[in-house]
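Some notes on the structure that comes next.
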Amino acid sequence: MDSNATDIALAGALAEIGDLGQGTLASLQIHKKGLTRGKVGSQTTYDDDFVHTLIWTGFHYQALVKRSHKKLHVLWASGTFVTDLLQATRQLGHEEVTVQDAASAIQEINEGFIKIMAGTDPEDLEGGAPAPPPREEWDATGEPLLRKPVWEPLKVDGHIVKGTKVYIGDSAESGIPQGTVYIDGVKLGEKILAPAPNGYWTPKQKAKTVVKDLIRAKLPCGLYVRYCLSPANLLVIKVGAEASEHSRAGGIQIDPEAIRSLFKIAA
């Protein structure tokens with residue numbers, strides 16, 4: 001087998017996902033990468049749960065964004081969307097939130113969706129979207145330099161596996177081993193097998209940022225997840241029919257809203 005992934009066995013399993021536009025099931029038992037915070041030498045990792053999760057992968061990220069854009073406008077037209085967002089934000093302890101915060105959050109998310117749907121957002125690398133061309137920089141003599149891309153789709157025997165990407169950048173600079181695979185999907189359900197030893201990181205956020213998080217949670221894009229797959233953190237992976245059986249045996253509770261969003265995306 002020829003693959004750009006470090007773990008050939010993992011690449012072979014993911015190759016079963018294939019290139020079906022409607023995607024497929026993947027059942028994973030994985031240690032989440034988590035967030036590392038603190039000064040060098042005394043850093044602490046948070047949010048690194050050990051979980052069993054069921055995702056639907058293989059669709060194009062733009063399909064998720066289009067569905068999210070449509071639902072955002074339905075919510076926006078409801079007449080109570082801003083009021084509901086203000087109430088929810090205040091319940092989270094941000095009494096300072098304003099109508100302007102909510103309106104700006106809605107507008108910025110909407111504009112972000114439009115850029116992705118138009119293919120003009122340079123940060124849109126998820127779900128198989130093409131990477132932007134290398135960016136030009138300039139050396140001391142004024143000659144242009146090309147910055148090489150750090151991601152490419154997972155390839156197995158010349159076949160591109162949708163919903164995945166492989167790190168090909170500088171490991172010394174990023175700390176990410178070359179050949180590490182990331183998989184994107186819609187999370188259908190998850191069971192925590194062992195909670196993060198150090199708990200969960202709670203960042204200080206402005207009111208508008210909290211509003212944006214609340215908005216995304218109401219949209220299909222709020223179901224989007226990305227997992228890092230490597231021998232160090234991946235215990236089990238099953239795809240297709242085996243994934244369904246594996247998740248049922250593990251007691252995964254399926255999120256009904258995720259199913260509704262999923263089939264609207266797949267359609």
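For region 210-221, give me each residue that is out of contact with any Gly (no Cβ under 8 Å at 6 or more places or on another chain) and in contact (Cβ under 8 Å) with a residue 60 or more places away in the chain.
Val210, Val211, Lys212, Leu214, Ile215, Lys218, Leu219, Pro220, Cys221
Among residues belonging to region 169-186 that are hydrophobic (A, V, I, L, M, F, W, C) and within 21 Å of Gly58 (Cα to Cα), point out the one that is farthest from the chain's Cα centre (by Cα).
Result: Val181.
Restricting attention to region 170-187, which residues are small (Gly, Ala, Ser) and either in a strand (DSSP E or B) or surrounded by 16 or more Cβ atoms within 10 Å (Cβ to Cβ) (or both)?
Gly179, Gly185, listed by residue number.
Where in region 1-98 are the helices (runs of 4 or more DSSP H), entirely inside, with at least 1 residues that are surrounded by 13 or more Cβ atoms within 10 Å (Cβ to Cβ), in contact with a helix residue (DSSP H, G or I) (Cβ under 6 Å, 6 or more places away or on another chain) and modelled with pLDDT of 90 or more?
Those helices (runs of 4 or more DSSP H) span 61-76, 81-91.
Determine whether region 223-239 contains at least one residue that is over 26 Å from Val99 (Cα atoms), among the charged types (D, E, K, R) and at pLDDT below 85.
The answer is no, given that none of the residues of region 223-239 is over 26 Å from Val99 (Cα atoms), among the charged types (D, E, K, R) and at pLDDT below 85.
Here is a list: Val166, Val161. Which entry is in contact with a Pro (Cβ under 8 Å, 6 or more places away or on another chain), modelled with pLDDT of 85 or more and of a type in the set (Val, Ile, Thr)?
Only one candidate qualifies: Val166.
Report, by residue number, each residue of region 236-251 that is over 20 Å from the mean Cα position of the chain (by Cα) and of a type outside the set (Gly, Ala, Ser).
Residues satisfying the conditions are Glu242, Glu245, His246, Arg248.
Identify the single condition in (1) at pLDDT below 85; (2) touching a His at 6+ places or on another chain (Cβ under 9 Å); (3) buried (at least 19 other Cβ atoms within 10 Å of the Cβ) that Val210 does not satisfy, given that it satisfies every other one.
Every listed condition holds for Val210 apart from (1).
Please list, ordered by first then second residue, the pairs with beta carbon atoms under 6 Å, 6 or more apart or interchain, first in region 175-197 and polar (S, T, N, Q), second surrounded by fewer than 17 Cβ atoms within 10 Å (Cβ to Cβ).
Hits for this filter: Gln178/Ser171.
When you scan region 56-80, how many residues do you find that are free of Cβ contacts under 8 Å to residues at least 24 places away in the same chain and under 25 Å from Ser247 (Cα atoms)?
Qualifying residue count for the region: 0.
Any idea which residue in region 219-253 is surrounded by the most Cβ atoms within 10 Å (Cβ to Cβ), counting only those that are among the basic types (Lys, Arg) and in a strand (DSSP E or B)?
Here the residue is Lys238.
The values are calculated or read from the model by the stated rules, or taken from the named source; none is laboratory data. Computed from a predicted model, the values in this text were never measured in an experiment. Here Cβ is always computed from backbone atoms with ideal geometry, including for glycine, and neighbour counts include all displayed protein chains.
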